[in-house]
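J.: The structure under discussion is supplied below as structure tokens; questions concerning it will follow.
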Amino acid sequence: MSAARWPRWLTPVVFALLACAWTWPAVVAGDTLLVGRNFDLPGTLWFLDAIPRLGLDLNDPLTGHPGGHAYGRPDSFTLFALGPLADWIGVGRLHGWLQVLGVTVSAWAAEAFAREVGARAPWSLLAGLGFAFGGLATTVLLEGHVYHLLNPWLPLFGMMWWRATRPGGTVRQGLIAGVLFSLTLLSSGYLGMAGAVVAVCFAAGGLGRWWRDGGPQLPWRPLLAAAAVVALVAVPYLLLFLGSEGQDITDYQRFGVSRTEFLRTRSANLVRLAGPTWSLDTYDHSNAMTLSATVLALVMVTPWVLRGRRGWGTLLATAAVGLILPLGTELGSPELGTLPLPLALVSETRLSEFIRFPMRLGWAWMLVASVLAAWTATVLADRAGARAWVLVPLALVEVFAIHALPERQRSQLAAVPSAYDAHEGAILDLYPEAPAREYELNAWFAAWACYYQTGHDRPIADDCVGTHSMRNPRIDKERQLIAALLRDDVATVRQLSADWDTPVLVLHADLYPQGDRDRLMEALSRLDPSPATSTDGGEHVIAYEIQP
């Protein structure tokens, strides 16, 4: 099929089919088959389920029991519009379908952006493949952060902002760009920061063009229109984050490093740029920003291929900034640490709380570099003819062979144990504490306790957004109960249960060493000789009702 005969409807169909294959088995996910690799997956599912009961203060009365818990810094506000769907679709199925939908619409939007700057199908598909099927897309799907990819807003913002900052840009285009940027920010703060990179670089490029073409003129009308719309969303957004408790202090103190070093360990390096290694998913939380070799090669030849065409310099500069910002190499002065200069300047301030994972700023590179690569491939095809068709198959090979999402993805059986339904009242889950791998295992335990709540709908003690034990109110209660049970002090257990208004203790028996498990079960049997037991959720769960 020639490029001239490529029908417009075929592009979303191609992306949808590729998304189903790439995210498999997400399309057949359900509440007993979860698709994702890392512990944020159950937390995202819990958030989708909890959205309908969260008030304007973002306080959830069913977690952090008995006082409830406020979630002042949700990762994504756009999920609020999707949470009610979980009641009739189910959170597991909804999350799986959102993976497929997110990849499809984000790739389609990036392809539209590429056509806006000058690319043609089928080479415009490279933009969608590089953006929505790239290294960061792989990472967020493995982590369970589906809202990062349910994001056509960033490519559509880039497309509209491209129009607004070029000669002839209008107020209407600026207003639409402002709305699209606001939706990007609400999808995720990291995507908003990536959008800010695109916004500043495109505006600077537009100013340069206006200066060159007609004297020192400022494209102030579309700029002011966009700024006015963005301010209505961004100012309350920033005030909400500044007014709520952050996690940065406990994070970097827990590792015993400075804030600068903490940010550097979450930045991109050569390993994370080159490709996933066998240990990445096990020890580094699938955290990579693997670059597409096809996109990178096309971007590197852009100055020669697109010479004489207008706008490629702005795109190239934006892509370069989007690649430099996530790096953890020393690009600033030695006194400012091992971060690029803009991040180094704020690394020891509270602003570092907003950045925490600098690698996610790489969304700006993923988008703009892919769009630029699609445009470059189109011009190469005009010169090389049929030989340029090999570029699209090469990108597809990278998607499935290098990023290797279907092979790296994991399906998890996760039925809610029926033992939870045997009693009434608040629940305290008893999990073992893991000091050696505290971050990973304790985060998994909290994530499963929160996911199980989507089935039993009863109050629990956990913080369902924080990912480490020092921020989880269940841990301190659990320590007191376990210590009392191991010394067979059932009177203290009964008193604590009454003080916390938590009549149900759920022992996750499979996770304890046999000796500790036997002692805990013996002590708990003094409080409830006939506990509810189930193994239907994939683990041995025992629910004890503690009578005052």
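Throughout, read-outs are computed from the coordinates displayed, never taken from laboratory work. In this text, all values refer to a predicted model and were calculated from it rather than measured experimentally. Virtual Cβ from ideal backbone geometry, glycine too; neighbours counted across all protein chains shown.
J.: Run through every distinct alpha carbon pair of region 460-548 and return the Kirkwood hydrodynamic radius in angstroms, one decimal place.
T.: Taking the inverse mean of 1/r over all distinct Cα pairs, region 460-548 comes out at 13.7 Å.
J.: In addition: What does the convex hull of the alpha-carbon atoms of the chain project to on average, in nm²?
T.: Result: 26.3 nm².
J.: Within region 1-77, list the trypsin sites (Lys or Arg not before Pro) lying in a DSSP loop whose Cβ has at most 11 other Cβ atoms in a 10 Å radius.
T.: Listed in order of number, the matching sites are R8.
J.: Check the chain for me: any Cys whose beta-carbon has no other cysteine beta-carbon within less than 4.7 Å?
T.: C20, C201
J.: How do the peptides 385-395, 130-140, 192-202, 496-506 rank, highest first, by the average count of neighbouring beta carbon atoms within 10 Å per residue?
T.: 130-140, 192-202, 496-506, 385-395
J.: Along its three principal axes, how long is region 376-476 when you only count alpha carbons? Whole Å, largest extent first please.
T.: 71, 30, 20
J.: Next up: Return, for the Cα atoms of region 40-183, the radius of gyration and Dmax in Å, separated by a comma.
T.: Just the Cα atoms of region 40-183 yield Rg and Dmax of 17.9, 59 Å.
J.: Okay, moving on. Among DSSP bridges having both ends in region 418-545, what percentage is antiparallel? Round to the nearest 5.
T.: 60 percent
J.: Here is a further query. Expressed as cubic angstrom per residue, what is the convex hull volume of the alpha carbon set of region 1-95?
T.: Once divided by residue count, the hull of region 1-95 is 148 Å³.
J.: In the chain, what % of DSSP beta bridges are antiparallel (nearest 5)?
T.: 70 percent
J.: Same structure again: So what's the back-of-envelope 222 nm ellipticity for the chain, counting only DSSP H runs of four-plus at -39500 (n - 2.57) apiece and dividing by all residues, rounded to 500?
T.: Using -39500 (n - 2.57) per qualifying helix, the result is -16500 deg cm²/dmol.
J.: Ordered by packing density, taken as the mean number of other Cβ atoms within 10 Å over each peptide's residues, highest first, how do 43-51, 231-239, 407-415, 61-69 rank?
T.: Listed from highest to lowest mean packing, they are 43-51, 61-69, 407-415, 231-239.
J.: To continue, here is another question. Between region 54-94 and region 479-548, how many Å separate their Cα centres?
T.: 29 Å
J.: Using alpha-carbon pairs under 8 Å, 6+ residues apart, how would you state the relative contact order of region 369-521 in percent?
T.: 25 percent
J.: Which one, H403, T533, L505, projects farthest toward the positive side of the charge dipole computed for region 403-548 from Cβ point charges (K/R +1, D/E -1)?
T.: The residue sitting most towards the positive pole is H403.
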